[in-house]
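The values are calculated or read from the model by the stated rules, or taken from the named source; none is laboratory data. Treat the numbers as computed from the prediction; the structure is a model and nothing was measured. Every residue, glycine among them, receives a Cβ derived from its backbone with ideal geometry; neighbour counts consider all protein chains shown.
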Amino acid sequence: MADTPEYVPPEVWTWQKPSGGAFANINRPVAGPTHDKELPVGRHPLQLYSLGTPNGQKVTILLEELLALGHAGAEYDAWLIRIAEGEQFGSGFVQVNPNSKIPALLDRSGPEPVKVFESGAILLHLAEKFGELLPGAQPDRAQCLSWLFWQMGSAPYLGGGFGHFYAYAPTKIEYAIDRFAMEVKRQLDVLDRRLAENEYLAGGQYTIADIAVFPWYGGLAKGWLYGAAQFLSVHEYRHVQRWADAIHARPAVRRGLMVNRTWGDPASQLHERHDAGDFETKTQDKVQAAGA
């Protein structure tokens, strides 16, 4: 390991300056709003405030799947929240999600609006609301929820751990990259072993567990995250690759990957979605290119 000056933690940590690297301008050790800004509200029952990162994609994929299944009540407005510009710290957003992270959902379909935050909670809320993509009987239900919560607990090691130190940190730290690369490969192996014996994560049925895991680990397997496919030898996980290809082939998944996306090929971007007709401005070839 390369020689680096030893860091001695102070007796009491204080925030003295931004840490540097990508997203340093929006990181701070306190919560709450930084400015007053009300959230827009559209005409549909479901109001989503998000960005097309893996966590945001989970929700738009599920909403598009619900619409494909014929649930008109799943119509939604997807409003763009530019996290690099600190829009998640606006007073309106913080009222919906006090944690100031995307995605946040406002469900206005009942007599009182329901605020839901954390992507896993949003998936569970919508699956239960519409009675879809969540097994009702055991043991499949337990498997679905187990893999859903596995994703919620595991992905921070992939994103905030490996992704940060490999792609975004101002300094490449060998120990940090090695530590998190090892953990991500262990996680890929966990998935690969499960998918060697099951078509989908909960068994033979496509569920919200697959929808939660796909944008992170499917995206990693297909080379969409951090430019790290070769570094992590993702081609070795052939069962994950088979599963990722099957999910990415679903039209609703391709649509969901486009919503609130603001980078990459313009054909893969739909900054805001307020009606199913918004996709009509994209050709079918462009829809099929989304996520690549």
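List every residue pair whose Cβ atoms sit under 6 Å apart, with the two residues 6 or more apart in sequence or on different chains, where the first one lies in the range 138-166 and is on the phi < 0 side of the Ramachandran plot and acidic (Asp, Glu) and the second, anywhere, is part of a loop (DSSP other than H, G, I, E, B) and crowded, with 17+ Cβ neighbours inside 10 Å. Cβ pairs passing all conditions: Asp140/Ala202. I'd like to verify a number: residues in the range 65-75 that are more than 18 Å from Gly120 (Cβ to Cβ), in contact with a helix residue (DSSP H, G or I) (Cβ under 8 Å, 6 or more places away or on another chain) and not hydrophobic (A, V, I, L, M, F, W, C), how many? Residues in the range 65-75 being more than 18 Å from Gly120 (Cβ to Cβ), in contact with a helix residue (DSSP H, G or I) (Cβ under 8 Å, 6 or more places away or on another chain) and not hydrophobic (A, V, I, L, M, F, W, C): 3 in total.
Taken over the range 247-273, the residue count meeting the criterion of being among the polar types (S, T, N, Q) and in contact with an Asp or Glu (Cβ under 8 Å, 6 or more places away or on another chain) is 1. Conditions first: (1) in contact (Cβ under 8 Å) with a residue 60 or more places away in the chain; (2) within 23 Å of Trp224 (Cα to Cα); (3) of a type in the set (A, V, I, L, M, F, W, C); (4) buried (at least 18 other Cβ atoms within 10 Å of the Cβ). Leu66 passes all but one, so which condition is the exception? Looking at each condition in turn, Leu66 falls short on (2). Consider the range 81-117 and keep the residues that are charged (D, E, K, R) and in contact with an Asp or Glu (Cβ under 9 Å, 6 or more places away or on another chain). The one that is farthest from Gly21 (Cα to Cα) is Lys115.
Counting residues in the range 108-117 that are surrounded by 19 or more Cβ atoms within 10 Å (Cβ to Cβ), touching a residue at least 24 places away in the same chain (Cβ under 8 Å) and touching a helix residue (DSSP H, G or I) at 6+ places or on another chain (Cβ under 7 Å) gives zero. Entry remark, the range 1-42: residues being at pLDDT 85 or above and in a loop (DSSP other than H, G, I, E, B) number 24 in total.
Of all the listed residues (Phe117, Phe165, Phe130), the sole one being touching a Pro at 6+ places or on another chain (Cβ under 8 Å) and over 14 Å from Gln187 (Cβ atoms) is Phe117.
When you scan the range 224-235, do you find a residue that is among the hydroxyl-bearing types (Ser, Thr, Tyr) and either farther than 24 Å from Ala121 by Cα or surrounded by fewer than 20 Cβ atoms within 10 Å (Cβ to Cβ) (or both), even just one? Looking for residues that are among the hydroxyl-bearing types (Ser, Thr, Tyr) and either farther than 24 Å from Ala121 by Cα or surrounded by fewer than 20 Cβ atoms within 10 Å (Cβ to Cβ) (or both), one finds at least one in the range 224-235, hence yes. The set of residues in the range 179-207 being part of a helix (DSSP H, G or I) and either among the hydrophobic types (A, V, I, L, M, F, W, C) or touching a Ser or Thr at 6+ places or on another chain (Cβ under 7 Å) (or both) consists of Phe180, Ala181, Met182, Val184, Gln187, Leu188, Val190, Leu191, Leu195, Ala196. Of the candidates Leu201, Leu232, the single residue that is closer than 30 Å to Val116 by Cα, of a type in the set (A, V, I, L, M, F, W, C) and out of contact with any Pro (no Cβ under 9 Å at 6 or more places or on another chain) is Leu201.
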